[in-house]
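Enquirer: Just dropping this structure here.
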Amino acid sequence: MANETLKAGFDKYMAGVEAKLAKNPERANLEPNRLYTPLDIEGFDYEKDLGFPGEYPYTRGVQPTMYRGRFWTMRMYAGFSTAEESNKRYRYLLANGGSGLSCAFDLPTQIGYDSTDPMAEGEVGKVGVAIDSLADMEILFDQISLDQVSTSMTINAPASVLLCMYIAVAEKQGVSADKLRGTIQNDILKEYAARGTYIFPPKPSMRLITNIFEYCSKNVPLWNTISISGYHIREAGSTASQEIAFTIADGIAYVEAAIKAGMNVDDFAGRLSFFWNAHNNVLEEVAKFRASRRVWAKVMKERFGAQKPKSQMLRVHTQTAGSMLTAQQPNNNIVRVALQTAAAVMGGTQSLHTNSKDEALALPTTESVTIALRTQQIVAYESGLADTVDPLGGSYYVEALTNKIEAEAWEYIKKIDEIGGAPEAIAKGYIQKEIQDSAYKWQMDIEKGDRIIVGVNKFQQEEEPPKNLLRVDGSVGKLQADKIAALKARRDNAKVEETLAALEKGCADESVNLMPLILDAVRAYATEGEICGVMRKVFGEYQSHTAL
Amino acid sequence: MNIVEGVLNHSRLALAKAITAVENEYDNAVEIMTAIYPHTGNAYVIGITGPPGAGKSTLTDKLAKEYRKRGKTVGIIAIDPTSPFSGGAILGDRIRMLDLTADEGIFVRSMATRGSLGGLSQKAGDAVKLMDAYGFDVIIVETVGVGQSEVDIVKTADTTMVVVIPGMGDDIQAIKAGILEIGDLFTINKADREGTDKLNIEIEMMLELNPEHFGWRPPINRTIASKGEGIEAVVDSIEEHKAYLIESDQLSKIRKARIKNEVTAMLNDRVNRYIDKNVVATSEFDILVEKLQIREIEPYSVVADIVGKVLR
Amino acid sequence: MSNIRVLVAKPGLDGHDRGAKVVARALRDAGFEVIYTGIRLTPEQIAEAALQDDVKVVALSLLSGAHNTLFPKVVELLKEKGLTDVLVIGGGVIPDADIPGLKAAGIAEVFTPGTPTGNIVEFINANVK
């Protein structure tokens, strides 16, 4: 009855608007409806669709009090040049109110090459810190107590090696593995689909991942063993719905692999974490965060029968969208990042990295990183956005958008199930193609003027080339080469050979958990390239099959 | 640099430029091909075709590597369709074949179909001859089995292989008529997928019905090209087919037919172009068409008349 | 008919291929024949692919900061192989300060973030030999 009156009122409103439109037309290309009312969320059931924070289906957030108790972890992704340089930046960030570390490794480290490998030419220390052995890792965390800080590491194909290095550094500090808190990204599927730092073929890669799940559940219980990442899928050009759909499909594949390896879902699912992008459209992003929690909770409860609440919670780290930074008028990026931060906070993220204004041009300077960190602090302490739980819950628009994104995500998940799961959908190029189509459409929309990016295709102005960009000089490669040479001269090379031989044997036997063997090699100061070299030898290398 | 000398002296750059010359119909193309012709006829030509997504490129890549292991040099021509909308093309096969670039014994060339009137068969045939003259032992021509001109290209190979994958559903019916009958051998790729046995039976049944393969029963191999599985057996089958062709004296017959086809196509092409230029593109022809439209004249006499004049 | 062939390539270890793929498609839609190599190429692989496919243009994309090493290396290898008239262009996260050096090394033009694909098409059409 109420709805009928409302419907009549709504029709009257729309008819009334019609007359006005002739004189004052609306902007073109507006996707949302003009106005949202209860009509758009018909059948809305508070208890079923939202529930209370910290309760199934976690739409409103995974903790009961969210930011009223403690703010999200302000975790700035950093790392460049040598371990010495990066250690300085980490200690600066911690001293200035950063509450966790996030390590960026250079590409040779991410792809399992030593800095001296010919494939590493030109790349050493460029997009992150160069780590070749435990010796570098010791320097990276010098004067940082690993029982006091949580550390996130963006490392995938060689995640096992870097995690073992972290464990070994902790041992030297007298910190036992069960005290370590942090995350390894460890999400190989999105590397095949969107990010590109794969090494091994899918099967041994999935084995390494389940080895890590199993090892950590017993030895490093507070560690987040994977950060299933939509961030890079979004950066590669996907839509919001695709971001969460493809990522949750990847998550389903990991859970299935672990169950197939004999693990009980509730023994590892609580340590799975996610990684979202905070993009430009604030309200769409808030809806995306909310929808993703609801989808994952249902997946875990209904599909996998997970009992523990922790297993059903989608806990998420967020980074603001790097691809939305513009090289033009870089100061505008500060505003973009602030809005993206607002979206992530209203969306209920557990931790956040904010990008710096100059990252479309180079790695950020200390000054620009500081502004990015301050942006989070301003949102936390001044904006009021963090003062109540899920502040947009109940907004007709946001609830309708949450429903829409959830429905689109289910549609994709269903399609991927039909194809045979995420690994198969990636092998067939389906996911890549969907992402590419979205990326191409985005670019064409900008070029046609259907989408406005301030300073890029509207409000352009002549500007001076920006000054004071961070430069990583070319000598890092040489420095690392010297360090490796010195290391090889002083370490016990017989011990290295022995541990590598044991690892090779273990790789060939699928029933062996490789983590203890990798840890032994790391402790003996085998280099990352040596360890990954052994695995490359046994496992082979993945070759991409990208089609356009 | 003299391109012909370059090709004959194993200059990769000269080979690349020579293929461009025939592909773009540069002025020197005929001259190059004329000089090259006596040096051809030595390579063994393998055609590979199959529906999109069958993994032909990956398979080609693996076959080439297997041939390299057996001491043979390999030239590859990978043909991809031109977009009918823009005239552009994405020649994506490079992605799979890149690790072959480090090997001097391998040369990979992409070609776009550039529409059906571009004389693709002839251009691909010329590219094969250039690689042949350069001295490659084996030349693989790989193309999607969708258009007639693509099928024509692989049909003229010494050995033609059709690649299929399980789970194509009704697609197999659609392509059956087109490409299944041209296969000297069949490869079921992605053979770890469901439906492999069923597909195997279907192909066997089709071969039973096909009387053209007297004396040679096309073998059906199974591969998982992405993992390199089953590749050696495919090369063995190709070599067996080659041995059969030689023993049964079929090879020279095939090649004779190929030459006949080629020359016929060249003639047709030349005549077509002549007619396009000297007949169709003239104002007299427009007038004829107008008269035809109002039924003042009829086409049969018009054609007889023109043929009489042109082919005097 | 002489269609312009373009090799779109990603040297180095950088996996960010969104830009390269968008450019490859845009060039295809502008009527070019595009050979896309995928990620993680050595300069040698790029130069050899450019030779075998006899392309007129090599378009390099790199976001990792290794451009000052890898772009000039590609140009050098192309020359070594006798490909003297190939137009080499680059794009990615490249600071303005690096552009003069890259141009001096033989990169004809550098396209930074925000460049409309139409500009790349125009540049190729105007400069290809």
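Condition check ((1) among the aliphatic types (A, V, I, L, M); (2) part of a helix (DSSP H, G or I); (3) more than 19 Å from the chain's Cα centre (by Cα)) across all residues:
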{"site": "A:D250", "(1), (2), (3)": "no, yes, no"}
{"site": "A:Y254", "(1), (2), (3)": "no, yes, no"}
{"site": "A:I259", "(1), (2), (3)": "yes, yes, yes"}
{"site": "A:G270", "(1), (2), (3)": "no, yes, no"}
{"site": "A:N277", "(1), (2), (3)": "no, no, no"}
{"site": "A:F289", "(1), (2), (3)": "no, yes, no"}
{"site": "A:K301", "(1), (2), (3)": "no, yes, yes"}
{"site": "A:Q307", "(1), (2), (3)": "no, no, yes"}
{"site": "A:Q329", "(1), (2), (3)": "no, no, yes"}
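Enquirer: While we're here: Among the residues that make up region C:57-70, is at least one of them at the interface with chain A (Cβ under 8 Å from one of its Cβ atoms) and farther than 25 Å from A:A327 by Cα?
Expert: Checked against the condition, which is being at the interface with chain A (Cβ under 8 Å from one of its Cβ atoms) and farther than 25 Å from A:A327 by Cα, region C:57-70 yields no hits at all.
Enquirer: Among the residues of region C:97-129, what is the count of those that are within 14 Å of chain A (Cβ to nearest Cβ) and either in a loop (DSSP other than H, G, I, E, B) or closer than 21 Å to A:A360 by Cβ (or both)? Reasoning before the result, please.
Expert: Taking region C:97-129 and keeping what is within 14 Å of chain A (Cβ to nearest Cβ), we get C:97-102, C:105, C:110-122.
Among the residues that remain, those that are also either in a loop (DSSP other than H, G, I, E, B) or closer than 21 Å to A:A360 by Cβ (or both) are: C:97-102, C:105, C:110-120.
Total satisfying the criteria: 18.
Enquirer: Taking the residues in region B:1-54 that are small (G, A, S) and in contact with a strand residue (DSSP E or B) (Cβ under 8 Å, 6 or more places away or on another chain) as candidates, determine which candidate is farthest from the other protein chains (Cβ to nearest Cβ).
Expert: B:G47
Enquirer: Next up: Does B:I224 fit the bill of being surrounded by 10 or more Cβ atoms within 10 Å (Cβ to Cβ), in the same structural domain as B:V45 (by TED's automatic domain parsing), modelled with pLDDT of 90 or more and in contact with a Lys or Arg (Cβ under 7 Å, 6 or more places away or on another chain)?
Expert: Yes; evaluated as a whole, the condition is true for this residue.
Enquirer: Give, as residue ranges, the helices (runs of 4 or more DSSP H) completely inside region A:353-449 that count at least 1 residues that are in contact with a helix residue (DSSP H, G or I) (Cβ under 8 Å, 6 or more places away or on another chain) and under 27 Å from A:F459 (Cα atoms).
Expert: Ranges flagged: A:366-381, A:430-448.
Enquirer: Which condition number does B:G167 fail, the rest of (1) within 26 Å of B:L120 (Cα to Cα); (2) assigned to a loop (DSSP other than H, G, I, E, B); (3) at pLDDT below 85 being met?
Expert: (1)
Enquirer: Shifting gears a bit: Any residue in region C:45-57 that is buried (at least 21 other Cβ atoms within 10 Å of the Cβ), assigned to a strand (DSSP E or B) and at pLDDT 95 or above?
Expert: Yes, region C:45-57 has at least one match.
Enquirer: Sticking with this structure for a sec: With (1) under 30 Å from A:N333 (Cα atoms); (2) hydrophobic (A, V, I, L, M, F, W, C); (3) surrounded by 17 or more Cβ atoms within 10 Å (Cβ to Cβ) as the list, and A:I413 as the residue in question, which single condition is left unmet?
Expert: That leaves (1) as the condition not met.
Enquirer: A further question follows. Please work out if A:E84 is in contact (Cβ under 8 Å) with a residue 40 or more places away in the chain and part of a helix (DSSP H, G or I).
Expert: Answer is yes for this residue.
Enquirer: Conditions: (1) away from chain A (no Cβ under 13 Å); (2) outside any strand (DSSP E or B). C:V88 meets all but one. Number of the miss?
Expert: With respect to (1) away from chain A (no Cβ under 13 Å); (2) outside any strand (DSSP E or B), C:V88 is out only on (2).
Enquirer: Shifting gears a bit: I need the full set of residues from region A:395-445 which are closer than 27 Å to A:G347 by Cα and in contact with a Pro (Cβ under 9 Å, 6 or more places away or on another chain), in order please.
Expert: If the condition is that a residue be closer than 27 Å to A:G347 by Cα and in contact with a Pro (Cβ under 9 Å, 6 or more places away or on another chain), then A:Y396, A:Y397, A:A400, A:L401, A:Q443 are the ones that fit.
Enquirer: Just to be sure, is A:A338 within 14 Å of another protein chain (Cβ to nearest Cβ) and either surrounded by fewer than 20 Cβ atoms within 10 Å (Cβ to Cβ) or not aromatic (F, W, Y) (or both)? If you could, list the steps in order and put the result at the bottom.
Expert: Numbers: within 14 Å of another protein chain (Cβ to nearest Cβ): no; either surrounded by fewer than 20 Cβ atoms within 10 Å (Cβ to Cβ) or not aromatic (F, W, Y) (or both): yes.
Considered against the rule, which asks whether it is within 14 Å of another protein chain (Cβ to nearest Cβ) and either surrounded by fewer than 20 Cβ atoms within 10 Å (Cβ to Cβ) or not aromatic (F, W, Y) (or both), A:A338 comes out as no.
Enquirer: Continuing with the same structure: Output the residues belonging to region B:227-264 that are outside any helix (DSSP H, G or I) and either at pLDDT below 95 or under 19 Å from B:P38 (Cα atoms) (or both).
Expert: If the condition is that a residue be outside any helix (DSSP H, G or I) and either at pLDDT below 95 or under 19 Å from B:P38 (Cα atoms) (or both), then B:G228, B:E229, B:S248, B:D249 are the ones that fit.
Enquirer: With respect to C:G65, is the statement that it is among the small types (G, A, S), out of contact with any Asp or Glu (no Cβ under 6 Å at 6 or more places or on another chain) and part of a strand (DSSP E or B) true?
Expert: Answer is no for this residue.
Enquirer: Something else: Residue check, B:F214 against (1) in the same structural domain as B:Q122 (by TED's automatic domain parsing); (2) at pLDDT 85 or above, all met but one. Which one?
Expert: Every listed condition holds for B:F214 apart from (2).
Enquirer: Does C:I94 fit the bill of being in a loop (DSSP other than H, G, I, E, B), within 12 Å of chain A (Cβ to nearest Cβ) and hydrophobic (A, V, I, L, M, F, W, C)?
Expert: Criteria met by C:I94.
Enquirer: Mind telling me which of the residues C:A9, C:A30 ends up being within 13 Å of chain A (Cβ to nearest Cβ), hydrophobic (A, V, I, L, M, F, W, C) and either over 14 Å from the mean Cα position of the chain (by Cα) or surrounded by fewer than 24 Cβ atoms within 10 Å (Cβ to Cβ) (or both)? Please lay out each step first, then the result.
Expert: Details: C:A9 fails: either over 14 Å from the mean Cα position of the chain (by Cα) or surrounded by fewer than 24 Cβ atoms within 10 Å (Cβ to Cβ) (or both).
Being within 13 Å of chain A (Cβ to nearest Cβ), hydrophobic (A, V, I, L, M, F, W, C) and either over 14 Å from the mean Cα position of the chain (by Cα) or surrounded by fewer than 24 Cβ atoms within 10 Å (Cβ to Cβ) (or both) holds for just one of C:A9, C:A30, which is C:A30.
Enquirer: While we're looking at this one, here's another question. With the requirement that a residue be among the charged types (D, E, K, R) and closer than 10 Å to A:N513 by Cβ, what does region A:199-217 give you?
Expert: Correct list: A:R207, A:E214.
Enquirer: Please verify whether region A:1-19 includes one or more residues that are polar (S, T, N, Q) and either closer than 30 Å to A:V337 by Cα or in contact with an Asp or Glu (Cβ under 7 Å, 6 or more places away or on another chain) (or both).
Expert: Checking region A:1-19: not a single residue is polar (S, T, N, Q) and either closer than 30 Å to A:V337 by Cα or in contact with an Asp or Glu (Cβ under 7 Å, 6 or more places away or on another chain) (or both).
The values are calculated or read from the model by the stated rules, or taken from the named source; none is laboratory data. Note that this is a predicted model, so its numbers are computed, not measured. We place every Cβ from the backbone using ideal geometry, glycine too, and count neighbours over all the protein chains shown.
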